[in-house]
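The values are calculated or read from the model by the stated rules, or taken from the named source; none is laboratory data. Please read these numbers as outputs of a predicted model, since none were measured by experiment. Using ideal geometry, Cβ is built from the backbone for each residue, glycine included, and neighbour counts are taken over all protein chains shown. Quick note on the areas: whole protein, heavy atoms, side chains included, nothing else; ligands and nucleic acids left out. Shrake-Rupley method; radii C 1.70, N 1.55, O 1.52, S 1.80 Å.
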Amino acid sequence: MAISDNEAAPLVTRAATRPTPLWRNRDYLLLWGSQAVSSAGSSASSLALPLLILALTHSPAQAGFAGALRSLAYMVLGLPAGVLIDRWNRKLTMIVCDAGRALALGSIPLAAALGHLSMTQVYVVSLLEGALFVFFSLEEGAVLPGLVATTQLPAATARDSVTDGVVTLVGPSLGGALFGVGRVLPFAVDAISYAASMLALCWLRVPARARFTAGSSQVPSRESRARRWWREMPTGLVWLWRQPVLRAFALLHSGLVLATSGLTLLLLVVAQQRHTTPFAIGLMLSIGGVGGLLGGLVGAQAHKRLRLGQIMVGAFWAMALLLPLFALMPSPLALGALLALFWVADETYDVAQVSYRLAVIPNALWGRVTGAMRPLFFACDSLGLALMGLLLQRAGVLATIICVCAGMLLLAVVATLNRDMRTARPLADL
């Protein structure tokens, strides 16, 4: 079957004039469904990865380092990947990335069966999976606005958040149960989920998009193409810096990622100190997933009634006030309930900010602008995970929670005082 970016060019016009309902939009459902399946597998393996490392090394610092490696790929690849995905075939890129991730995750159970699984391989797989995620996620974000109308973006984003909530509800319990049966079984399941996603994407029709030319009908030489490739790297960063709302969002979101990226590792260490079983840990995170589900639903409604700044400020203060309570929860079930409240605030904020970015960033610049933002986000993610592991190992749980709370309070104050964020236009006015 042909893989072409021009297969469904009429979809762009239909999306702009008479949008097809999401539940009848074949291509949107293929994209959404394929990612729901692969997300379920990833949720199981994401829980299993730190558990596997803790079982092999008994070191929270190494568990944090392995998680940081996955995010390190964005620090290195974010800007060049943003340029490249604006040039490459979007559909083919997503298929290749899914195939690569299936092979990478599948190598862990294969090596274990042969008796050759090592921490070096775990680190390499984490880094490779992160690198492929860079390209896939950029392409996925570029494809979505062409499949649905602008007015449908909040609903589509909310559906993704609800799906993430369901996945978070089911995935950790599944991951914990699979890990209890066999330490590498969650990675085999994740590999299968990526393979299933790859097959589904083969039937996706990707809308036409803007293409980059040299301003000439002549096919440029390899040398001139290479020069333009490097010159295009700062384009997204320059465009982003000239947008006050997106610039403020990028800086605030980076702080949020830095403060909360290691939250799951924190909860895992707290639970293990209380001798909680892997299944109970998965159940705790699944309860938290209910908050993600509810946050997606709340976010879709909040977006209709509140400005982006109001949602952000409210969510930041809610998260800042909830974080200290993690030190007081007496059981995994109580931790899960508190985590659910935290994810309600986080997902409500996510629906608003993702919908806004999808609406205001031109599709022709999507890869370069997003590629300029995400290295900052994932640099903070890597640093946050590494710092969380070091703080837990050297300072203990209580001191770590105090540090995270101080960071979140500072972000809430900055968000409250930021004028550009407070005055951002609603999506309906764009």
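Within the stretch 418-426, can one find any residue that is small (Gly, Ala, Ser) and free of Cβ contacts under 8 Å to residues at least 12 places away in the same chain? Within the stretch 418-426, none of the residues are small (Gly, Ala, Ser) and free of Cβ contacts under 8 Å to residues at least 12 places away in the same chain.
Among the polar types (S, T, N, Q), in contact (Cβ under 8 Å) with a residue 60 or more places away in the chain and touching a His at 6+ places or on another chain (Cβ under 7 Å), is that true of residue 355? Yes. Kindly list the number of the only condition in (1) surrounded by 19 or more Cβ atoms within 10 Å (Cβ to Cβ); (2) within 19 Å of residue 204 (Cα to Cα); (3) of a type in the set (Val, Ile, Thr) that fails for residue 96. (1) is the only condition that residue 96 fails. Restricting 383, 392 to residues that are of a type outside the set (Phe, Trp, Tyr), in contact (Cβ under 8 Å) with a residue 24 or more places away in the chain, touching a Leu at 6+ places or on another chain (Cβ under 8 Å) and open to solvent by 70 Å² or more (accessible area, probe 1.4 Å) narrows the list to 383. The set of residues in the stretch 46-91 being part of a helix (DSSP H, G or I), open to solvent by 10 Å² or more (accessible area, probe 1.4 Å) and hydroxyl-bearing (Ser, Thr, Tyr) consists of 46, 57.
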